[in-house]
Each structure stands twice: as structure tokens, then as C-alpha cells.
Amino acid sequence: MNKTVLDLWVGLFVIAGIAALLFLTFKVGSMNAVNTTDSYEVTARFENIGGLKARAPVKGAGVVVGRVVDVRFDNATYEAAVTLRLDKRYAFPKDTSAAIMTSGLLGEQYIGLEAGGDSIKLKEGDSILITQDAVVLENLIGQFLYGKAQEGAPK
Amino acid sequence: MQHDNLVELENVAFSYGARPVLKGINLTAKRGQVIAIMGSSGCGKTTLLRLIGGQIKAGQGQVRVAGTSLNALDQPALYRLRRKMGMLFQFGALFTDMPVYDNVAFPLREHTDLPETAIRDMVRMKLHAVGLRGAAQMMPAELSGGMARRVALARAIALDPQLVLYDEPFAGLDPISLGVIGNLIRRLTDTLGLTSVVVTHDVQESLKIVDYVYFVSDGVIVAEGTAAEIRASTLPYVHQFVHGEADGPVTFHYPAPSYTDDLRLGGRSA
Amino acid sequence: MLKQAIANLGNRTLQGVGRIGFAVRFFVAILLHSGTAFRRLGLTIREMYFSGVQSLIIILVSGLFVGMVLGLQGYETLQTYGSEEALGILVAMSLVRELGPVVAALLFASRAGSAITAEIGLMKATEQLSAMEMMAVDPVARVVAPRFWAGVISMPLLAGLFSAMGIFGGYLVGVQLIGVDEGAFWSQMQNAVDFEQDILNGVIKSVVFGIAITTIALFEGYDAPPTAEGVSGATTRTVVTSSLAVLALDFVLTAFMFRGLG
């Protein structure tokens with residue numbers, strides 16, 4: 001086997017392989033792991049986070065603006081303390097609210113940010129004060145049945 | 001320091017696991033000599049060759065090549081010593097994925113920094129010495145047995161070694177090739193000032209070209225001498241070997257129970 | 001009779017353990033002698049041709065077919081939940097996380113792994129390795145190490161190509177043939193497949209598989225008895241052992257990597 005032909009084929013093979021991996025990285029996957037340097041962290045407290053996990057997306061108006069970095073149970077307040085890492089490009093007002101939403105009917109849970117009206121923006125280490133817990137199916141059913149029971153009782 | 005004996009084996013013993021193969025061998029090869037190690041199959045000749053080449057270590061005794069004892073050498077030192085040796089394997093052991101030219105050039109490319117032009121000339125010279133300069137571009141699969149062995153010989157002498165080891169160089173060759181190989185071994189040894197150690201059981205061809213013969217049987221040297229002395233030897237084992245007698249110290253019948261008993265057992269009815 | 005059987009079993013177990021020990025030493029020796037493989041890159045590149053480039057056809061074709069089948073089967077199942085648009089996610093995740101690395105590894109083991117074993121076994125049987133040693137060239141550095149690195153480098157590239165072809169196959173079947181929405185196919189896929197979690201883990205898996213398969217193939221060849229039956233047995237053992245190793249390692253790696261999601 002001629003050496004130059006061989007080198008050519010191997011070169012093509014390596015280029016094709018790397019191209020395939022790049023295709024997978026950019027076209028198939030989402031390179032939205034937010035960089036530590038261009039991001040800032042804020043915290044939010046919830047009474048129930050439902051199925052929210054670390055690495056879940058944080059979305060504003062439906063667009064991914066950050067990631068959930070950490071989820072912890074605060075033994076003092078018996079609440080969940082969630083750490084969010086937001087892209088530095090996006091600044092949110094201090095009175096922004098954070099709600100736990102579900103993508104689709106059976107999808108994974110994410111945090112949706114609804115911007116407030118404050119002129120002062122959130123900075124590194126701030127807390128989001130207005131939060132809305134996850135919708136827990138059992139509570140919902142309980143409420144529905146209770147409501148139905150209430151409806152029926154006076155009759 | 002000039003050593004007259006290029007190869008020295010002193011009281012060498014070796015066992016494969018629990019099976020003793022060599023039990024006290026004393027052997028020397030002087031510079032410029034062609035010595036032959038003979039004996040029937042399985043007597044330990046190839047083991048001796050591997051001991052000299054450093055492929056295995058002696059259990060007891062000393063193996064010395066060019067004054068250096070092989071017993072205590074580590075791998076880099078052994079490899080340095082091997083550059084002074086060449087070995088011709090029984091079927092050539094040519095690298096099948098490259099043509100004849102590259103096979104002979106292999107040791108030159110691996111161990112020297114010579115430019116390709118110099119290597120070209122050296123390869124041509126070595127191939128010319130074995131008569132195969134015209135076959136330089138053939139692949140090993142296309143060569144006959146005799147030709148393959150000659151190419152392997154060219155490869156073995158590529159670095160101008162002091163010692164060349166031959167493992168059964170005459171095995172399986174036609175009469176003409178036998179003559180060619182024997183001729184080459186003698187000529188190269190004389191012109192290049194080598195020492196050649198030939199392991200063989202081909203008596204006729206080797207006795208034509210050797211200076212000294214060692215006979216190995218049952219792990220020890222049973223006889224030694226010049227070609228003429230061996231031919232004239234009256235020792236039963238040597239005599240049987242040299243004259244190709246069917247029966248003698250090496251019996252015709254493999255150990256078996258008595259013949260009559262064996263037949264009767266077969267003939268007895270239920 | 002029973003005593004004999006037990007003695008045999010014990011003997012073979014000891015032999016097996018001894019072999020594993022030898023294999024580990026062999027692996028360490030390969031790593032230690034790898035200098036040549038990198039200083040003389042030509043050797044490694046040559047081996048990449050024989051292991052990698054010559055496996056391309058089977059990898060690409062298999063990838064395409066696997067992707068197409070995923071598209072068909074996936075559509076059937078997703079349709080019952082009305083989630084056909086998630087076909088892109090299903091095809092991409094299955095391939096990138098599991099099928100790409102594992103199936104490409106199994107194909108590599110049977111094609112390139114067996115070839116390596118046969119080649120090295122034959123070199124041993126025809127005394128080429130001994131000849132090399134006698135010429136003061138270390139066969140592990142010159143013959144074994146380049147093949148090792150060629151296999152380790154080729155494996156992730158082949159796995160990536162397999163996954164890429166598979167996704168293309170899934171796209172062909174899902175979007176072009178069946179009629180799933182093209183935009184949904186790609187956008188949902190992009191939103192769900194994560195670089196670190198899925199793609200990088202897939203690459204790590206294929207590198208580990210490459211190391212395992214190539215080491216086993218080289219070892220079996222190097223250790224093969226120098227006869228026709230010996231080499232043939234070694235080749236079979238390579239394919240079987242490396243396939244099992246790939247599947248076992250896949251389990252271990254998956255447990256490590258994706259446990260965090262639970």
C-alpha cells in the first residue's frame with residue numbers, strides 16, 4: 001500500500017470522524033452548558049420543588065437563560081433552597097418571580113422566570129423572593145374532590 | 001580485548017518446566033569457524049541456539065558471546081549485544097507484509113541513521129551476496145523456500161554481525177538449494193570473517209562445510225570433532241546418525257508392549 | 001472420577017487467573033512501550049488505516065440501518081401516546097448514549113479485533129516476532145503499541161460516525177418517509193440532547209471500549225499457540241471476550257454516568 005494513499009485515507013477518516021462528532025455536538029445536542037465565567041448565581045426558595053433536578057433549564061419567556069445548579073433541603077426553614085446560574089447577558093429585575101413549570105404534559109420540570117418591574121437588577125448572590133411551587137398532582141386531585149364535595153353538600 | 005572464542009558455553013543446563021533438556025553442555029566456537037550442532041529431533045539443539053541468542057536464560061552455567069556473559073544482561077544490554085548477531089530462522093521468518101527489499105532494509109532502518117540512498121546500496125550489496133538482487137521487489141509469499149531462506153540470510157547479515165546463528169537451514173530444500181545454502185554459509189563466513197553456528201540434522205550437507213561438529217544426545221555432548229573425525233567415528237550413536245542406519249542406539253520401535261501379547265489380545269474372542 | 005474433574009477445574013481456574021495476570025502485565029507493557037508509536041507516527045497511522053478506515057463501510061451501513069429501524073419502531077410506539085414529534089429525541093438519545101458506542105464497538109471487535117488477533121498470531125507462529133527480537137527490535141514497541149493506539153483513536157471516531165449515520169437514517173425514515181415534522185424533529189432533539197451528559201459520555205464510553213477491545217485482541221494474538229488451531233481459537237476468543245467486555249463495561253459506565261439523573 002502506497003504510503004501517500006494510505007495517509008490520505010487515514011486523514012479523510014479522521015476528518016470525517018471529527019466532523020461527525022462536531023455534527024453531534026452542535027446540530028444534535030445543545031451546547032448550552034452555561035460557562036462559569038459569564039454567569040451569575042442567585043438562589044430561590046420553594047416549599048415544594050416537585051420533580052425539579054439539578055441541570056434543569058431556567059427559562060425566561062420560554063427561552064433558556066440558565067441552569068439549576070444545586071437543590072438543597074434547608075433544615076431550618078424546612079424549605080427547598082435552589083441555586084440558579086444565569087447567563088450574564090440576561091439581567092432580571094429584583095422583583096422577578098420564579099415558578100416551577102412542566103414542559104409538556106409529561107415532560108421534565110424547569111424554572112420559569114417572570115420579570116418584575118424593579119429598576120434594580122439581580123446580582124451575584126441575590127435571592128428571588130417571589131416563588132411559586134410545583135403543581136403536585138395529589139394536591140390538585142385533593143382540591144378538586146374537596147371542591148366537588150363543597151359543591152354537592154348544600155344540596 | 002580479542003577473544004579467540006566468540007561463543008562459549010560452560011556447563012550449561014536448562015529445563016522446560018520440570019523436564020530437563022540440557023544437562024551440562026560445554027561448547028566453544030572460535031572466530032571464523034563454522035560449527036555444527038547435530039542430533040536427532042528433540043535433543044535440545046534449538047534450545048542451545050536460543051540460549052546463545054539470549055531468548056532463554058540458562059538454569060545453570062555460563063553462556064558467553066564475545067566475552068560478555070548473557071546471564072546477567074538486562075533487556076537494553078541484550079539488545080545491544082544482539083546487534084552483533086544475526087539469526088536465520090528455519091523458514092526464513094520474513095515479514096510477510098513487506099517486499100524483499102524492505103525486509104533486508106529493516107535492521108538498517110531500525111538501528112542506523114543512514115540515508116535512504118546509503119541503505120539502497122547496502123541492501124543491493126547484501127542481496128547480491130546471496131544472489132537475489134533481482135528479486136528485490138517480490139513479496140515473501142511469491143518466493144520459493146530456498147529463496148526465502150536466502151533473503152532471510154541477507155537480512156541476517158545486513159548489519160555485518162560477528163556471529164550468525166542458523167536454525168535448520170537445510171530442512172526441506174531441494175538438492176540444488178541445499179548446495180546453494182551450504183555454499184553461502186561457508187563463503188560468507190570466510191569473506192565476512194563471521195562465526196557461524198549451524199543447528200542441523202542434515203549430515204551430508206553440513207559435513208561438507210563445517211570446521212567442527214558437536215553431537216548432542218539426551219542433553220549432553222556425546223561426541224565432537226572435525227568433519228573427518230566424525231565421519232570416521234566408531235561411537236554407535238554417531239555411526240548410526242552419520243550413516244543413516246535405521247536401527248541402533250536410537251531404536252526403530254517406539255516403546256510398546258510385547259508384539260505377541262498385543263496380537264493375542266486383538267485375536268481373542270469375546 | 002469426581003476428584004479428577006475437580007482437579008481439572010481447579011487447574012483451569014488457576015490457568016485462567018494466571019492468564020488474566022499476564023494480560024494485565026501485557027497491558028502495562030504496551031503503555032510503557034508506547035513511545036515508539038508516537039515518535040514514529042507513520043506506524044500508528046498505518047494501523048489506523050487497517051483498523052479504522054477498513055471498518056468504515058460496515059460502520060456506516062450498519063449505522064444507517066440501525067437509525068432507520070429506530071425511526072420505524074420509534075414512530076410506532078410514540079404514535080400511541082401522540083408524541084410522534086419526539087422521534088428525533090428518541091433516535092438521537094438511543095444512538096448517542098448507547099447504540100452508537102456499543103454497536104460500533106461490537107462491530108469493531110468482530111472486524112478489526114479478529115483481524116488484529118489473526119495477524120499477530122500468525123506473526124508469532126511464523127517466528128516473525130522472534131526474528132524481530134533477535135534483530136534487537138522490541139516487538140511490543142514496534143508491532144503491538146501502534147495497533148493499540150490506532151484502535152483507541154479509531155473507536156470514538158467510528159462511534160461518532162455510527163451515531164451520525166443513524167440519526168440521518170432516523171431522519172430519512174421519520175421525516176422523509178413517514179412525514180414527521182422536520183422542524184419538530186430537529187428542534188426537540190436539540191433541546192433534549194445535552195453535550196456533557198449525552199455526547200461526551202458517549203465518547204468516553206467508546207474510548208473505554210476501544211481500549212478494552214484492542215488490548216484483548218492484541219493479547220490473544222500475542223499469547224496464541226503457534227499453530228493453525230491456536231490462531232483460530234484465539235481469534236474466536238477475541239470476538240467473544242471483547243464483546244462480553246464491551247457489554248459489561250457499558251453497564252458499569254452507564255450506571256456511573258447516568259445515575260445522577262435518578
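Nothing in this text is a laboratory measurement; each read-out follows from the coordinates by a stated rule. Note that the structure is a prediction, hence the values are computed from the model and not measured. Note that we place each Cβ from the backbone using ideal geometry, even for glycine, and neighbour counts take in every protein chain shown.
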Neighbour-count ranking [beta-carbon atoms within 10 angstrom, fewest first] of B:T68, C:T80: C:T80, B:T68
Projected label distance in nm at C:L177 and B:D97, using a 7 Å step from Cα toward the beta-carbon: 3.9 nm
Proximal charge balance of C:E127 [Cβ under 11 Å; K/R count +1, D/E count -1]: -1
Computed over segment A:39-142: relative contact order in percent, which uses C-alpha pairs under 8 Å that are six or more apart: 35 percent
Label-to-label distance, nm, for residues given as C:R12 and B:H243 (7 Å Cα→Cβ offset): 5.3 nm
Burial ordering of C:S110, C:S154, C:S242, fewest other beta-carbon atoms within 10 Å first: C:S110, C:S242, C:S154
Farthest positive-ward along chain C dipole, Cα basis, beta-carbon charges - from C:L107, C:A245, C:Y81: C:A245
Residue-averaged beta-carbon neighbours from other chains (10 angstrom radius) around C:115-127: 2
Prolate/oblate/rounded call for segment C:33-261, Cα gyration tensor, a/c under 1.5 rounded: prolate
Where only C-alpha atoms are counted, convex hull volume of chain B per residue in Å³: 182 Å³
Per DSSP, loop chymotrypsin sites (Phe, Trp or Tyr not before Pro) in segment C:69-134 with at most 12 further Cβ within 10 Å: C:Y81
Chain B, relative contact order [Cα under 8 Å, separation at least 6], %: 24 percent
Helical mean residue ellipticity (222 nm; -39500 (n - 2.57) per DSSP H run of 4+; nearest 500) of the protein assembly as shown: -16000 deg cm²/dmol
Test item: B:73-84 mean partner chain Cβ contacts at 10 Å: 2
Rg ratio (alpha-carbon, reference 2.2 N^0.38 Å) - segment A:39-142: 1.03
Cα centroid separation - segment C:147-180 against segment A:50-71, whole Å: 30 Å
Inter-chain Cβ neighbour average for residues C:77-86, partner chain, 10 Å: 1
Whole-angstrom gap from segment C:7-53 to segment C:183-262, using each part's C-alpha centre: 17 Å
Cβ crowding within 10 Å averaged over residues, with C:29-36, B:110-117, C:191-198, B:241-248 ranked highest first: C:191-198, C:29-36, B:241-248, B:110-117
Candidate lysines for bridging to B:K84, where Cα separation is under 19 Å - those fewer than 8 sequence places away on the same chain excluded: B:K30, B:K57, B:K126
Prolate/oblate/rounded call for segment C:1-117, Cα gyration tensor, a/c under 1.5 rounded: oblate
0 to 90° range, to nearest 10: angle between helix A:3-23 axis and chain A longest Cα axis: 10 degrees
Net charge, C:S51 excluded, C-beta distance under 9 Å - Lys, Arg +1, Asp, Glu -1: +1
Cα-based shape type of the protein assembly as shown, given that a ≥ b ≥ c are square roots of the gyration tensor eigenvalues and the cut on a/c is 1.5: prolate
Separation of alpha-carbon centers, segment B:101-147 and segment A:108-155, rounded to whole Å: 84 Å
Where labels lie 7 Å past Cα in the beta-carbon direction, separation of C:E196 and A:L22 in nm: 2.4 nm
DSSP-loop chymotrypsin sites (Phe, Trp or Tyr not before Pro) across segment A:51-155, with at most 10 other Cβ within 10 angstrom: A:Y78
Under the Karplus curve 6.51 cos²θ - 1.76 cosθ + 1.60, θ = phi - 60°, whole-Hz ³J(HN,Hα) for segment C:180-196, x wherever Gly or Pro sits: 5, 5, 5, x, 5, 3, 6, 5, 5, 4, 5, 6, 9, 7, 9, 4, 5
Choice from A:I49, A:I15, A:I100 with maximal GNM fluctuation in chain A (Cα, 10 Å cutoff): A:I15
Order of B:M125, C:M123 under a 10 Å beta carbon neighbour criterion, fewest first: B:M125, C:M123
Net charge, B:V238 excluded, C-beta distance under 12 Å - Lys, Arg +1, Asp, Glu -1: -2
